[in-house]
Amino acid sequence: MGRRIDERFLVKWADAIAETVQGDEGKLDRWIALLDAMNGIRKVRPARSFALDGRYSLEDKVGFFRTILKESMGDGLPENLDIFLVPLLKGDLWGGISSLEKALLDRFNLEVGRVVVEIHSPAPLQGDVQSKILEALLRFVNEGPGRELSGSVPPGKRLSVKPVWKVRPELMAGLEIRIGSRVWDASLSARLRELERQLLKTA
């Protein structure tokens, strides 16, 4: 359901929502929760049918979805909801919700100077280990080559790191670290794959 979203419009849509966030992580979290809720609602057949039904006005549709969201999210509903609902329903842009969420997060991270880093480990890491990894990552993104991965942040601005800890038992040992599309794989499974590749090459 939903038509392909134009990239330029997507940026403008994310910018309009970002104006209501203004670097406030609490407000950002409300928008992310809303977008996740709408991604769930788009899979509900009666809701999809209503959104596409030409017998109802845009105002009726916006009111309907505003009511559903208010009932499900209560006080967690972001302000200025119509800047999301009107384009969504008017343009049938349901398929662009995930892209909108990513664009909004990217814009927020750039605005506040934050780098999101995924750290994959074979088992949960203890607090002191997480702290040491976080210290190393802060050095990497502020003093090392990781700074260039954070986009166009002013030279004097210190970056922060938002770690996302994930457990992947198949790594066996070591870590895999992801920043954007870049991956540093220092896991045992990666070493075994490399060893296998070298053995096959020499066989």
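State yes or no: is PRO87 modelled with pLDDT of 90 or more and assigned by TED's automatic domain parsing to the domain that holds LEU188? No: the conditions fail for PRO87. ASN80 satisfies every condition listed in (1) at negative phi; (2) part of a loop (DSSP other than H, G, I, E, B) except (1). Selection of helices (runs of 4 or more DSSP H) fully inside region 1-61 by the criterion of at least 2 residues being within 15 Å of the chain's Cα centre (by Cα) and surrounded by 14 or more Cβ atoms within 10 Å (Cβ to Cβ) returns 7-21, 25-41. Here is the figure for region 68-79: residues that are within 22 Å of ALA16 (Cα to Cα) and surrounded by fewer than 13 Cβ atoms within 10 Å (Cβ to Cβ) total 2. Can you pull out every residue in region 83-102 that is of a type outside the set (Val, Ile, Thr), part of a helix (DSSP H, G or I) and surrounded by 15 or more Cβ atoms within 10 Å (Cβ to Cβ)? Residues satisfying the conditions are PHE84, LEU85, PRO87, LEU88, LEU89, GLY91, TRP94, GLY96, SER99, LEU100, GLU101.
The values are calculated or read from the model by the stated rules, or taken from the named source; none is laboratory data. Bear in mind the structure is a predicted one, so any value in this text is a computation, not a measurement. Please note: Cβ atoms are built from the backbone with ideal geometry, for glycine as well, and neighbour counts cover all protein chains shown.
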